[in-house]
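Undergrad: First the structure, which I've put down as structure tokens, then a few questions once you've had a look.
The values are calculated or read from the model by the stated rules, or taken from the named source; none is laboratory data. Just so it is clear, the model here is predicted, and its values are computed rather than measured. With ideal geometry, Cβ positions are generated from the backbone for all residues, glycine too; neighbour counts draw on all protein chains shown.
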Amino acid sequence: MTQSAPLIAGVELGGTKVVCILASGPDRIEEEVRIPTTSAVETLGAVEGVLDRWAGFAALGIASFGPVGIDRHAADWGRITVTTKPGWSDTDVGRRLERRYGVPVGFHTDVVGAALAEARWGAAAGLADVAYVTVGTGIGVGLVAGGMPVDGLTHQELGHIRPVRFSGDDWIGVCPFHGACIEGLASGPAIAARVGRKAEELAPGDPAWDGVAHTLGQLLHTLVLTGVPRRIVMGGGVMTGAQHLLPRLREAMARSLAGYSMLPEVAQAESFVVLAGLGAQAGPLGAILLGELACVERGRCEDA
């Protein structure tokens, strides 16, 4: 959006903190406020306290931890559905804020928001077809095609696919639903549970990274086979704290693909799998873009 574009309010709702932002893009951020994520009642009340001060924004975007309801025509649109975060399952966020402020509201996952932001202003700028992968407390994927979120019945949950394990590795993993899925094997909590130390405390040559790269390489393999991304952007606390992992992920992806569907763009792995460019700003700026999409759809804003 340009300097003359209307201001949009964004809410990045995370598991440990919420970021509220009033902006039209990275070059025009009027205010940014951080709130700890506690109970649903307390947290949403604090968010409303911030947004109430920002009267006059043209639209509101919400990028939330999931799972969430994204089908605008379904009863659960705008809700956090079944989550492991205590007290947050079936919490209405989108409709509640839509009723309060009377502006177009965009609502999606935090990873889809980050994918939109990285495609507009970050490491995939200029590309309309992008995957954003976060590797941190959890593992999630946001897919964007043609500049729009890839939506259907629901949003992607590719952090919960089951990878092929190393021969002889029968560690049970930490996912409460699937045990040894991608998230259960390669997220920050999984690394800590398996080796007894946080990911940021592991040396680059620690053998624990072998399993992490093997697991995440298969996630990248899967993303290649969707046929969607022209670039895969890697973010999240584990990736930003262990950037030495990136070359190993590219190699693991190539080994897993074994020469299949190795388009020239994919074979040029250094430009196909890259680190996020916006850092911690990807989520809040993604919320702004979700608000922009809703604003354009409702005819309140011009298409950027």
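Undergrad: Does any residue of segment 34-55 turn out to be in contact (Cβ under 8 Å) with a residue 40 or more places away in the chain, of a type in the set (D, E, K, R), closer than 21 Å to ALA117 by Cα and touching a strand residue (DSSP E or B) at 6+ places or on another chain (Cβ under 7 Å)?
TA: No, the conditions are met nowhere in segment 34-55.
Undergrad: I'd like to know if segment 251-261 contains one or more residues that are under 17 Å from VAL130 (Cα atoms) and within 17 Å of the chain's Cα centre (by Cα).
TA: no
Undergrad: Taking segment 141-175 on its own, how many of its residues are assigned to a loop (DSSP other than H, G, I, E, B) and not polar (S, T, N, Q)?
TA: 21
Undergrad: Please pick out the residue among GLY122, GLY147 that is without any contact (Cβ under 8 Å) to a residue 60 or more places away in the chain and over 16 Å from LEU220 (Cα atoms).
TA: GLY147
Undergrad: Something else about it: What helices (runs of 4 or more DSSP H), lying completely within segment 24-140, carry at least 1 residues that are of a type outside the set (S, T, N, Q), surrounded by fewer than 17 Cβ atoms within 10 Å (Cβ to Cβ) and not assigned by TED's automatic domain parsing to the domain that holds GLN243? Spell out how you get there, then give the answer.
TA: Working: elements: 40-53, 94-101, 110-121.
Per the criteria, 40-53, 94-101.
Undergrad: Then there is this: Do we find that THR16 is modelled with pLDDT under 95 and more than 21 Å from ALA294 (Cα to Cα) in this structure?
TA: Working: modelled with pLDDT under 95: yes; more than 21 Å from ALA294 (Cα to Cα): yes.
Yes.
Undergrad: Based on this model, can you work out whether ALA190 counts as without any contact (Cβ under 8 Å) to a residue 24 or more places away in the chain and surrounded by 21 or more Cβ atoms within 10 Å (Cβ to Cβ)?
TA: Criteria met by ALA190.
Undergrad: Which residue is farthest from the chain's Cα centre (by Cα), if the candidates are limited to segment 141-150 and must be of a type in the set (A, V, I, L, M) and buried (at least 21 other Cβ atoms within 10 Å of the Cβ)? First the steps, then the outcome.
TA: Our first condition is that a residue be of a type in the set (A, V, I, L, M); within segment 141-150, this holds for 141, 143-145, 148, 150.
From the residues that got through so far, the ones that are buried (at least 21 other Cβ atoms within 10 Å of the Cβ) too are 141, 143-144.
Details: VAL141: 6, LEU143: 9, VAL144: 11 Å.
Within segment 141-150, the match that is farthest from the chain's Cα centre (by Cα) is VAL144.
For every residue, the table says whether it meets (1) modelled with pLDDT of 95 or more; (2) aliphatic (A, V, I, L, M); (3) assigned to a helix (DSSP H, G or I); (4) within 12 Å of SER24 (Cα to Cα).
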position: ARG255; (1), (2), (3), (4): yes, no, yes, no
position: GLU270; (1), (2), (3), (4): yes, no, yes, no
position: ILE288; (1), (2), (3), (4): yes, yes, yes, yes
position: ARG300; (1), (2), (3), (4): no, no, no, no
